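The values are calculated or read from the model by the stated rules, or taken from the named source; none is laboratory data. Fair warning: this is a prediction, and the values are worked out from it, not measured in the lab. FYI the Cβ positions are ideal-geometry reconstructions off the backbone, even for glycines, and counts take in every protein chain you see. With ligands, DNA and RNA removed, areas are computed over all heavy atoms of the protein, side chains included. Shrake-Rupley method; radii C 1.70, N 1.55, O 1.52, S 1.80 Å.
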Amino acid sequence: MNILLLGSGGREHALAWQLRQSPSLRGTLYAAPGNPGIAEEAEVVALEVTDHAAVIAFCGDKAIDLVVIGPEAPLVDGLSDSLRAAGVPVFGPSKAAAQLEGSKGFTKDLCARAGIPTAGYVRTASLEEARVALAKFQAPYVLKADGLAAGKGVVIAASLAEAEETLADMFGGGFGGAGAQVVIEEFMEGEEASFFALTDGTTIVPFGSAQDHKRVGDGDTGPNTGGMGAYSPAPVLTPELQARVMAEIVEPTVRTMREEGNPYQGVLYAGLMLTAEGPKLIEYNARFGDPECQVLMMRLESDLAAIMLACAQGSLEGTRVAFHDETALTVVMAARGYPGTPEMGGAIDLGAAEAEGAKVFHAGTALKEGALVANGGRVLNVTATGASVTEAQAKAYAAVDAITFPTGFCRRDIGQKEVAREAARNA
Ligand code: AMP
Ligand code: GLY
């Protein structure tokens, strides 16, 4: 089959790398807008993803059998609906189903209707309403701009004064259109983990676990980012907990979406809090996590193209999905300034980073006169596998140290909590 992959980050490079290894690909893998890493795996084409007619025309010209949508923006924009209406199979939910990511309030209401464990909440549509609702909660206050905000729409305010200030900012347009509504919710305590499931709207296949590192600095300090590193699987999400997440969270979600006429198809990414009462949903994403996708793809053994096509065609039942037992760990190398304004154009020399079996996914790179330079906040995802988190971490950092990127930086403690647990177990 011929496949068109949409997106330009490390997540899409990892998807391209796996799709290229899929026995069922056979035809050509195209990508748009792509990046220099993706260009090593796919034929990069100039296509504006916001121009649905152009994407449909391209699919006709090139006899595309499957479109894979990487990021959330085209999903929330309804690109999969346009493609499906034109008869093109697509991996990724409809605009209505992508509300699970596109509207925090939509997801909270669905959880309430379906009895899915999550933090108690109130949806508010004005500053006055939100101020009144705050009185029902205690510090720390969890405030969420309803719409897409590039991972920056959640503020945890330590005091009432800070909460009121944040609400004024959210309703005052400080979070763009995302802040037209604000969800206020209970603060949950526990360890966070991510769980992935693939679905064609009816059949659901678990697709592994991971842990992300959202803060920019070592020891989980500094501002939130899109993710500075991840590893998979996440041992905190034991098989027993995964079974509960499937039964109590993912299955009721997929069933309710289908029953309410918004069947969800694609990957469902559940951000979870492992509380004393059990796993609770923090949020859903309608796409793979970035950089969680990179570690999942390092471990995937099965034919990704076949699995994605089965999701798109409603034939997921009976499809084999297998992962290697090894742990995969990725370290994000970012450009100085990230998550604020990153320094662009810094020179990168990958050296012998891939010599020891590590894989460097390109997240934000460009070629300038044939030389690789930084072209985004998150620039490289240096990824390795090992028999344990400790081993995967050592290999990933050895590869990081083989890279010359003077205007870049990374966290030095990706996977450290799990490394400490492994050390305690082996002591
Ligand atoms: P989200 O974008 O919804 O994943 O939220 C970003 C981060 O805020 C999460 O990864 C959590 O660390 C934190 N967070 C969100 N909601 C809650 C909550 N109800 N209680 C505690 N922490 C939360
Ligand atoms: N790494 C977090 C996300 O992709 O949302």
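Once you treat every alpha carbon in region 310-427 as an equal point and sum by Debye, what is log10 I(q)/I(0) at q = 0.12, 0.22 Å⁻¹?
At q = 0.12, 0.22 Å⁻¹ the computed log10 ratios are -0.54, -1.10.
What area, in nm² and to one decimal, does the C-alpha convex hull of region 232-296 cast on average over all directions?
4.7
At a threshold of 8 angstrom on Cα-Cα distance, excluding pairs fewer than six apart, so keeping six or more, what relative contact order does region 232-338 reach in percent?
Details: 94 pairs, mean separation 25.9, N = 107.
RCO, region 232-338: 24 percent.
Compute from the Cα atoms of region 264-360 the Rg and the Dmax, the latter being the longest Cα-Cα distance, and quote both in angstrom.
My reading of the Cα-based Rg and Dmax gives 17.7, 49 Å.
Excluding residues fewer than 8 places away in the same chain, name every one of the lysines whose C-alpha is closer than 23 Å to that of residue 395.
Output for residue 395: 214, 359, 417.
Give the calculated FRET efficiency between residue 324 and residue 138 to the nearest 0.05, with a Förster radius of 51 Å applied to their Cβ-Cβ distance. The partial results should precede the final answer.
Numbers: r = 45 Å, r/R0 = 0.88.
E between residue 324 and residue 138, to the nearest 0.05, is 0.70.
As an exercise, use a Förster radius of 25 Å and the Cβ-Cβ distance of residue 343 and residue 192 to find the FRET efficiency, rounded to the nearest 0.05.
On the way: r = 30 Å, r/R0 = 1.18.
Efficiency computed from Cβ-Cβ geometry: 0.25.
Tabulate in residue order the Karplus-calculated ³J(HN,Hα) for region 120-128, using 6.51 cos²θ - 1.76 cosθ + 1.60 with θ = phi - 60°, rounded to whole Hz; enter x for Gly and Pro.
Taking θ as phi minus 60°, the curve returns x, 7, 9, 8, 10, 10, 8, 4, 4 Hz for region 120-128.
Let me have the relative contact order for the chain, percent, based on Cα pairs under 8 Å that are six or more residues apart.
Values: 1029 pairs, mean separation 67.9, N = 427.
Reported relative contact order: 16 percent.
If you place +1 on the Cβ of every Lys and Arg and -1 on the Cβ of every Asp and Glu, how big does the dipole about the Cα centre of region 23-180 come out, in debye to the nearest 20? Let's see the in-between values first.
Numbers: 12 positive and 19 negative charges, 120 e Å.
It comes to approximately 580 debye.
Using each residue's phi in region 96-105, evaluate 6.51 cos²θ - 1.76 cosθ + 1.60 at θ = phi - 60° and report the 3J(HN,Hα) Karplus result to the nearest Hz, with x for Gly and Pro.
The phi angles translate into 5, 6, 5, 4, 4, 9, x, 9, 4, x Hz.
Assuming R0 = 35 Å, can you tell me the calculated FRET efficiency for the pair residue 424 and residue 247, based on Cβ-Cβ distance, to the nearest 0.05? Could you put the intermediate results ahead of the total?
Numbers: r = 30 Å, r/R0 = 0.87.
It comes out at approximately 0.70.
Ordering 61, 51, 290 from largest to smallest accessible area (1.4 angstrom probe), what's the sequence? Before the final figure, lay out each step's value.
Values: 61 130, 51 70, 290 25 Å².
The residues order as 61, 51, 290, largest area first.
List the residues, sorted by chain then number, that are 5 or more residues from residue 5 or on another chain and whose placed amide H is less than 5 Å from its amide H.
30, 31, 32, 68
Mind checking the full-extension length gain between residue 356 and residue 215? Use 0.36 nm per residue of separation minus the Cα-Cα distance, one decimal, nm. Write down the numbers at each step before the final one.
Values: separation 141, 0.36 × 141 = 50.76 nm, distance 2.83 nm.
Contour length minus the Cα-Cα distance gives 47.9 nm.
Once Rh for region 121-217 is found with the Kirkwood sum over Cα pairs, what is the Stokes-Einstein diffusion coefficient at 4 °C and 1.567 mPa s, in µm²/s? Intermediate values should be presented prior to the final figure.
Details: Rh = 15.0 Å.
It diffuses with D of about 87 µm²/s by this estimate.
For the chain, with the dipole built from +1 on Lys and Arg beta-carbon atoms and -1 on Asp and Glu ones, taken about the Cα centre, which of 223, 180, 91 lies farthest toward the positive end?
Selected residue: 91.
Using the Cα centre of region 165-222 as the reference point, and only Cβ charges (+1 on K/R, -1 on D/E), how large is the resulting charge dipole? Debye, rounded to the nearest 20.
Details: 2 positive and 11 negative charges, 53 e Å.
Charge dipole, region 165-222, about its Cα centre: 260 debye, nearest 20.
Using square roots of five times the C-alpha gyration tensor eigenvalues, list the equivalent-ellipsoid semi-axes of region 60-149 in whole Å, biggest first. Numbers along the way, then the final one.
On the way: eigenvalues 262, 33, 20 Å².
One finds semi-axes of 36, 13, 10 Å for region 60-149.
Please sort 403-413, 8-18, 212-222 by packing, taking for each peptide the average over its residues of neighbouring beta carbons within 10 angstrom, highest first. Mind dumping the intermediate values first?
Details: 403-413: 18.4, 8-18: 28.2, 212-222: 16.3.
Descending mean neighbour count gives 8-18, 403-413, 212-222.
Rounded to the nearest angstrom and ordered from largest down, what semi-axes does the equivalent ellipsoid of the chain get from its C-alpha gyration tensor (root of 5λ)?
Details: eigenvalues 189, 144, 103 Å².
For the chain, the semi-axes come out at 31, 27, 23 Å.
What accessible surface, in Å², does a 1.4 Å probe find on residue 187, ignoring ligands, DNA and RNA and rounding to the nearest 10?
90
Which of rounded, prolate or oblate describes region 1-120 when judged by the alpha-carbon gyration tensor and an a/c cut-off of 1.5?
On the way: a/c = 2.27, a/b = 1.79, b/c = 1.27.
Since a/c reaches 1.5 and a/b is larger than b/c, the shape of region 1-120 is classed as prolate.
Along region 386-395, what does the Karplus equation 6.51 cos²θ - 1.76 cosθ + 1.60 (θ = phi - 60°) give for ³J(HN,Hα), rounded to whole Hz, x for Gly and Pro?
Karplus-based 3J(HN,Hα) across region 386-395 equals x, 6, 9, 5, 4, 6, 5, 5, 4, 5 Hz.
Under the rule of -39500 (n - 2.57) per DSSP H run of 4 or more residues, summed and divided by the residues of the chain, what mean residue ellipticity at 222 nm is obtained, to the nearest 500 deg cm²/dmol?
Values: 14 runs with 124 residues, N = 427.
One gets -8000 deg cm²/dmol as the mean residue ellipticity at 222 nm.
Assigning unit charges at the beta carbon (Lys, Arg +1; Asp, Glu -1) and nothing else, what dipole magnitude in debye, to the nearest 20, does the chain show about its Cα centre?
Values: 33 positive and 53 negative charges, 26 e Å.
With only Lys, Arg, Asp and Glu charged at Cβ, the dipole is about 120 debye.
Sort 389, 76 by accessible area with a 1.4 Å probe, largest first.
Details: 389 0, 76 45 Å².
Putting 389, 76 in descending order of accessible area: 76, 389.
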